1. Hey, what angle do you get for helix C:318-346 against the long axis of chain C, alpha-carbon based, 0 to 90 degrees rounded to 10?
2. Between 0 and 90 degrees, rounded to the nearest ten: what's the tilt of helix B:20-51 against the longest Cα principal axis of chain B?
3. If we sort C:57-64, C:404-411 on the protection proxy, mean other Cβ atoms within 10 Å, highest first, what's the order?
4. On a 0 to 90° scale, report how tilted helix B:65-90 is relative to the longest principal axis of chain B, with both axes built from alpha carbons and the result rounded to the nearest 10.
5. Would you compute, for the Cα atoms of chain C, the largest minus smallest coordinate along each principal axis and list the three values in descending order, in whole Å?
6. Please sort C:445-452, C:190-197 by packing, taking for each peptide the average over its residues of neighbouring beta carbons within 10 angstrom, highest first.
7. Give me a single rounded figure for B:70-81: the average over its residues of other chain Cβ atoms within 10 Å of their Cβ.
8. For peptide A:71-83, compute the average count of partner chain beta-carbon atoms within 10 Å of each residue's beta-carbon.
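Read-outs: derived from the displayed coordinates by stated rules, not from any lab. Please read these numbers as outputs of a predicted model, since none were measured by experiment. All Cβ positions, glycine included, derive from the backbone under ideal geometry; neighbour counts span all protein chains shown.
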């Protein structure tokens with residue numbers, strides 16, 4: 001294949017990585033702090049939202065998805081959609097049982 | 001007549017260049033399989049938590065939030081160091097890369113040590129699958145701890161594998177088999193480590209922050 | 001007809017000859033050549049198929065009279081479990097992709113090998129280890145498994161038979177499937193020849209692509225499900241134990257989230273082969289290429305949305321049942337599109353009824369019956385009546401055996417002459433199709449009636465009113481078995497001693513027919529440059 005020229009994946013530099021790390025640590029402190037409040041059913045939702053934000057930082061920057069070719073983003077979306085479908089349909093059962 | 005069969009150049013034609021992008025595609029696909037593996041467990045957790053929310057909340061008091069938080073910070077830091085290690089090798093800085101890689105491995109080991117103390121304490125307090133204390137308690141508590149040990153245990157197994165893989169990578173870096181010309185192995189190993197980190201990012205709030 | 005002189009190069013350069021350091025068996029089991037790996041898979045999967053067939057024949061024999069005269073109930077449970085595990089995990093799932101896919105995927109896209117040849121070999125080794133462990137579980141620790149291939153909890157956790165080793169074997173086999181999937185996806189993305197855009201790939205390649213996605217994404221769910229049984233049996237965690245709050249239905253969800261997409265792993269490659277065979281033997285280009293290509297992807301995706309139809313009577317919520325039934329009807333649509341397009345391809349074609357084509361004709365009939373009876377099962381009201389009866393057994397044998405496996409046989413008849421360079425006896429092959437077709441229908445059609453009349457599946461005995469149909473079915477199994485023996489004997493004899501086949505005995509137009517039979521080690525002397533779509537038949541050829 002012609003495309004064997006070394007693809008330039010030198011994405012972020014040391015500085016960006018450290019900034020992301022700081023963000024991740026802050027979000028961790030945030031999620032621990034929030035856990036102290038009594039939010040009943042919302043607890044899980046808030047915790048998951050923060051976890052999703054942290055994961056997208058890791059996926060996009062540490063794992064480079066943001067800088068990769070589109071095909072990787074498509075692949076990730078496919079996996080994401082399947083994940084969503086699995087949860088949604090299982091809960092179509094669990095959530096609606098008498 | 002037998003030239004074609006014995007020409008060594010002909011035999012090597014199929015590996016003209018190393019395909020970096022292909023290796024990366026293959027690695028991401030493998031990561032999807034790991035993701036889907038844990039999905040099954042997260043699905044069970046979601047279903048049982050929905051049914052036994054009060055019990056899960058109560059069980060959350062038994063887990064060590066502090067150790068969990070410390071372990072989270074450790075893994076996040078190790079993700080940073082492995083990313084820095086890769087950035088270093090891409091810039092040809094072999095020794096910096098090796099150092100960061102070593103720190104990553106140490107973080108992993110630190111994580112496992114913490115886990116050892118954590119589990120020992122919980123088992124010591126009679127909180128293990130099939131223990132009398134658990135069996136006497138409600139169903140929800142039983143399921144919580146069943147999932148707790150299964151999920152954090154499987155995750156821990158992946159940490160062990162990750163440490164082994166990264167150690168091999170460290171050797172390759174020191175020996176020059178991984179370099180700025182060919183950083184693919186380290187990049188792929190890094191991807192694996194980041195996934196291990198991401199799984200913990202979700203495990204942490206689900207098992208440690210529900211009180 | 002097959003006296004065409006072989007290209008001189010394949011006398012000295014074909015993948016069957018050894019030139020490396022090793023010789024004999026070692027040169028095969030350590031080979032990273034996709035063609036050799038494909039053949040090793042072929043031999044091993046067919047060997048397991050033979051074992052599975054024998055088990056099936058024994059099961060039919062048990063039905064000779066009601067009352068368990070031949071086998072005890074326990075033994076019968078073990079027979080049908082083993083039959084399912086072997087046929088599904090060791091034969092049909094690896095099936096076409098691992099053997100013929102491995103052999104022909106790189107060639108069809110103009111590559112010299114797959115993207116990860118060493119992983120490919122590892123995949124076969126893992127398959128063999130899994131297979132050996134499965135065999136070992138028959139003899140160790142509690143004996144053959146008796147849970148059914150579905151390993152439902154709580155029985156699979158409580159039974160004394162060797163479930164632990166069996167699920168471990170199946171878990172390991174899963175890795176083989178996953179590695180093949182990763183390999184094929186990367187190969188198709190990265191190694192297509194110059195000029196072969198996505199919409200110039202053969203439809204068999206498209207089918208393998210869609211299948212590979214399922215292998216990668218669905219198999220891990222089976223992995224975790226089996227792992228959980230393993231953990232339960234050893235550590236007694238209680239995740240599925242009803243007495244500790246566990247929900248057996250969640251096990252079923254996890255199990256079928258894999259096992260339904262798994263059936264598309266079984267059928268999609270076969271559908272790809274059908275497109276290949278029909279275009280070659282109708283001498284026409286395919287009708288609706290894009291529709292067929294994209295319908296493979298559609299089936300792969302929608303296949304993830306329907307698993308609950310295996311659980312209609314087990315206690316799911318009404319909402320779930322309604323949703324799954326609706327989605328199940330949806331998945332029939334892309335399959336229907338394929339069947340219509342295939343038939344349209346044949347219209348005004350110049351049909352050459354060689355054995356591969358006859359297998360496709362049999363397939364269209366058998367698969368249609370299987371598919372339509374699937375609608376009976378997918379619709380809630382009728383499913384309640386026939387679920388867990390012989391009706392289901394007939395349905396899945398029609399689609400899997402009559403569908404995927406008949407095409408596997410057809411594919412062998414199509415491609416073995418390319419793989420080994422020799423031709424089998426066409427007349428005997430055509431007769432074997434007929435015998436197989438008759439035997440198959442005798443064996444399985446009565447089961448629709450038996451199920452409709454209420455006979456449950458997996459029972460070692462039955463009420464006297466079912467005896468006549470059971471007898472018919474049993475005789476059918478012997479006819480089928482005879483057909484299998486004749487077919488395989490003909491193929492084996494042909495490959496060893498048949499006349500030379502030449503590069504292109506059928507007039508196919510995809511890339512594999514442009515290279516010698518058997519193919520050279522590197523597949524192509526020069527990587528071809530592709531300039532048009534596949535199935536390009538000149539007007540009036």
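1. Here the helix axis deviates by roughly 30 degrees.
2. Roughly 10 degrees between the two axes.
3. The peptides rank, most packed first, as C:404-411, C:57-64.
4. With rounding to tens, the tilt is 10 degrees.
5. 69, 49, 45
6. Ranking the peptides C:445-452, C:190-197 by packing returns C:445-452, C:190-197.
7. Mean number of neighbouring Cβ atoms from other chains: 4.
8. Mean shielding by partner chains, rounded to a whole number: 5.
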